[in-house]
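The structure appears below as structure tokens.
The values are calculated or read from the model by the stated rules, or taken from the named source; none is laboratory data. This is a predicted model, so every value here is computed, not measured. Heads up, the Cβs are rebuilt from the backbone with ideal geometry, glycines too, and the neighbour counts pull from every protein chain shown. For the accessible areas, the whole protein counts, side chains as well, though only heavy atoms, and no ligand, DNA or RNA atoms are used. Shrake-Rupley method; radii C 1.70, N 1.55, O 1.52, S 1.80 Å.
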Amino acid sequence: MEKKRDSEFVLKKEFLNLCEQLIDQITVAKGFLDLNDERDNYFTKATRREILRMEDLLKEFIKKILESERV
Amino acid sequence: MILLLSDLILIVDDNPGIRSLLKELLTSKGYRVEVAQNGEEAIEKFHKCEPSAVLLDSMMPGMNGLMVAEKLKSSSPKLPIIMISAYSEKEEIKRAQQKGLLSYCLTKPFDINEIIDSLHYIFELRLSNTM
């Protein structure tokens, strides 16, 4: 039982680490999009909107992991 | 808005994408920039280039951001440090702020305007302290 809980804990830590790496990549993608000269372009705006949606989903996922036991 | 063009900013992050984004952003705003990919390199570059401020990632392999902040503050207590923290580390960062290690803290995913605003904030603070 203890062993199972330990492996779940390790797994949650690994999930969290992967989520943080994804957050980094979203930050970079959104940042470069904001740096470009065509930020008012329809497709740029649409891409930004979709990136923000990914960002929200990831935040929600991280929140759920943190809410779960022992993380 | 106070923008001192000669200010040199040291960027410390293990993610090459973040380093590249911050470098592009800050140079486009007229800042001089040095980059380091880990804590050890950050301390070495800090002593070589004496930056006006440090943009520091909290979650790095080896020395993490808080360890780096403690080292830098021990040799330069007035150095402004802007910590960029991971989304899941809010509590640890709060404790570091209470210890007075950080001038400003941002959480990933950050917006590029937040970076510029935080630099303006610390440089305006520096200016008002010298008046």
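Summary table
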| quantity | calculated |
| --- | --- |
| Count of region A:43-63 residues which are closer than 15 Å to A:Val28 by Cβ and touching a Cys at 6+ places or on another chain (Cβ under 8 Å) | 1 |
| Cβ pairs under 7 Å, 6+ apart, first in region B:76-87 and free of Cβ contacts under 8 Å to residues at least 40 places away in the same chain, second among the acidic types (Asp, Glu) | B:Ala86/A:Glu20; B:Tyr87/A:Glu20 |
| Residue satisfying all of: in region B:47-74; within 14 Å of another protein chain (Cβ to nearest Cβ) and not hydroxyl-bearing (Ser, Thr, Tyr); nearest to B:Ile9 (Cα to Cα) among these | B:Leu55 |
| Test: residue in region B:68-85 that is among the charged types (D, E, K, R) and closer than 23 Å to A:Ile23 by Cβ | no |
| Filter result for A:Leu35 (within 11 Å of another protein chain (Cβ to nearest Cβ), more than 21 Å from B:Leu22 (Cα to Cα) and either surrounded by 13 or more Cβ atoms within 10 Å (Cβ to Cβ) or at pLDDT 95 or above (or both)) | no |
| Residue match in region A:11-19 (condition: open to solvent by less than 50 Å² (accessible area, probe 1.4 Å), within 12 Å of chain B (Cβ to nearest Cβ), in contact (Cβ under 8 Å) with a residue 40 or more places away in the chain and closer than 24 Å to B:Glu114 by Cβ) | yes |
| Counted residues, region B:75-123 - those being away from chain A (no Cβ under 14 Å) and hydrophobic (A, V, I, L, M, F, W, C) | 11 |
| Among (1) touching a helix residue (DSSP H, G or I) at 6+ places or on another chain (Cβ under 8 Å); (2) open to solvent by 40 Å² or more (accessible area, probe 1.4 Å); (3) closer than 19 Å to B:Phe110 by Cβ - the single one B:Lys90 does not satisfy | (1) |
| Single condition A:Tyr42 does not satisfy, out of (1) farther than 26 Å from B:Pro16 by Cα; (2) of a type in the set (Phe, Trp, Tyr); (3) surrounded by 13 or more Cβ atoms within 10 Å (Cβ to Cβ) | (3) |
| Qualifying residue in region A:47-56 (condition: surrounded by 13 or more Cβ atoms within 10 Å (Cβ to Cβ), under 26 Å from B:Lys23 (Cβ atoms) and more than 12 Å from chain B (Cβ to nearest Cβ)) | yes |
| Set A:Asp6, A:Asp40, A:Asp24: member being of a type in the set (Asp, Glu), more than 8 Å from every other protein chain (Cβ to nearest Cβ) and either in a helix (DSSP H, G or I) or touching a helix residue (DSSP H, G or I) at 6+ places or on another chain (Cβ under 7 Å) (or both) | A:Asp6 |
